[in-house]
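Quick notes on the structure that follows.
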């Protein structure tokens with residue numbers, strides 16, 4: 001369907017396409033939005049180079065695809081827009097964004113993870129600040145059959161504390177209490193979706209494997225994350241002002257490449273609420 005409506009150019013070996021010859025107001029048109037949703041399911045990441053999408057068009061696109069999250073403390077003119085910046089003057093939650101430098105899935109500690117996320121680049125870092133994505137469907141598909149059989153019933157505990165301890169090696173009691181206020185959850189290592197496809201559920205929030213010795217479980221998590229983030233499964237995006245990038249959060253992991261706290265890097269994010277619970 002989408003091949004007739006939008007122009008796509010492959011980017012990574014098995015993840016990501018560039019979408020060209022489209023203008024921001026077209027994103028919310030029903031046929032175009034449906035075609036882009038299909039492309040997202042197939043390719044995992046959609047890149048709209050230098051689209052210069054304004055907030056209104058970005059929010060409208062989100063609403064055409066699903067239900068955008070509403071942020072309790074808006075950081076812009078739209079409650080659906082969240083500012084991605086390390087500047088606490090622009091985003092009071094900036095400290096937590098240090099955790100985005102590690103591979104993760106948005107909402108991995110929730111019952112239902114986010115469906116998709118889109119970022120529009122308002123300002124970019126002078127050094128670093130790119131974003132990397134890996135295809136967790138393809139990573140699962142490439143495993144040997146005996147590995148798939150061994151992993152299909154494995155459960156992993158995910159927590160905010162696990163991801164934040166990667167950032168803060170010597171946290172205060174207050175920080176730990178804050179992290180623990182968000183309960184840990186148990187997720188499948190291999191998530192079989194309603195579509196029939198299976199993806200790996202990993203990332204910085206992965207704490208330990210249920211019923212396995214801690215060190216043995218950590219070794220398994222680390223081994224599979226290294227596997228899923230091999231070059232063949234990854235697309236690296238170097239941002240230009242005006243780029244809009246969207247990813248299927250259900251079948252990918254992502255991370256920001258490091259940039260300094262005083263960097264001008266600023267992204268406007270729209271996050272789509274989940275439509276499928278972990279099973």
* To do: Starting from the Cα-Cα distance between residue 20 and residue 195, subtract it from 0.36 nm times their residue separation and give me the gain in nm to one decimal.
  => 60.2 nm
* What do you get for Rg/Rh of the range 227-279 when both radii come from the Cα atoms and Rh is the Kirkwood radius? -> 0.99
* Counting only the backbone N, which residues of the range 102-139 are under 17 Å from the spot 7 Å out from the Cα of residue 55 toward its beta-carbon? -> 118-123
* Asked: On full extension of the chain, what length is gained from residue 222 through residue 126, given 0.36 nm per residue of separation minus the C-alpha to C-alpha distance?
  -> 31.5 nm
* Taking only the alpha-carbon atoms of the range 1-156, what semi-axes of the equivalent ellipsoid follow from 5 times the gyration tensor eigenvalues under a square root, in whole Å, largest first? -> 27, 23, 16
* **Mean separation of Cα contacts under 8 Å (6+ apart) over length of the chain, as relative contact order %** => 34
* Using helices alone, what [θ] at 222 nm do you get for the chain, with -39,500 (n - 2.57) per DSSP H run of 4 or more residues, divided over all residues and rounded to the nearest 500? -> -7000 deg cm²/dmol
* To do: Quote the relative contact order of the range 41-131 in percent (integer), defining contacts as alpha-carbon pairs under 8 Å separated by 6+ residues.
  => 14
* If the convex hull is drawn through the Cα atoms of the chain, its volume per residue in Å³ -> 130
* Going by how many other Cβ atoms sit within 10 Å of their own, how do 151, 214, 235 line up, fewest first? -> 214, 151, 235
* Structure fact -> So, with points 7 Å from each Cα along the Cβ direction, the residue 101-residue 186 label distance in nm works out to 3.4
* To do: Between residue 260 and residue 70, with labels modelled 7 Å along Cα→Cβ, what's the label distance in nm to one decimal, could you check?
  => 4.0
* Å³ per residue of the Cα convex hull, for the range 82-229? -> 144
* Asked: Which shape class applies to the range 175-221: rounded if a/c is under 1.5, otherwise prolate when a/b exceeds b/c and oblate if not, where a ≥ b ≥ c are the square roots of the Cα gyration tensor eigenvalues?
  -> oblate
* Just subtract the alpha-carbon distance of residue 212 and residue 144 from 0.36 nm times their residue separation and send over the number in nm, one decimal. => 22.3 nm
* Nitroxide proxy distance, nm - points 7 Å out along Cα→Cβ at residue 111 and residue 89 -> 4.2
* Structure fact -> Exposure proxy check on 227, 140: fewest-to-most Cβ neighbours within 10 Å is 227, 140
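We did not get these values from a lab; they are worked out from the coordinates using the rules stated. Because the structure is a prediction, the values reported are computed rather than measured. So basically every Cβ, Gly included, is an ideal-geometry build from the backbone, and we count neighbours across all protein chains shown.
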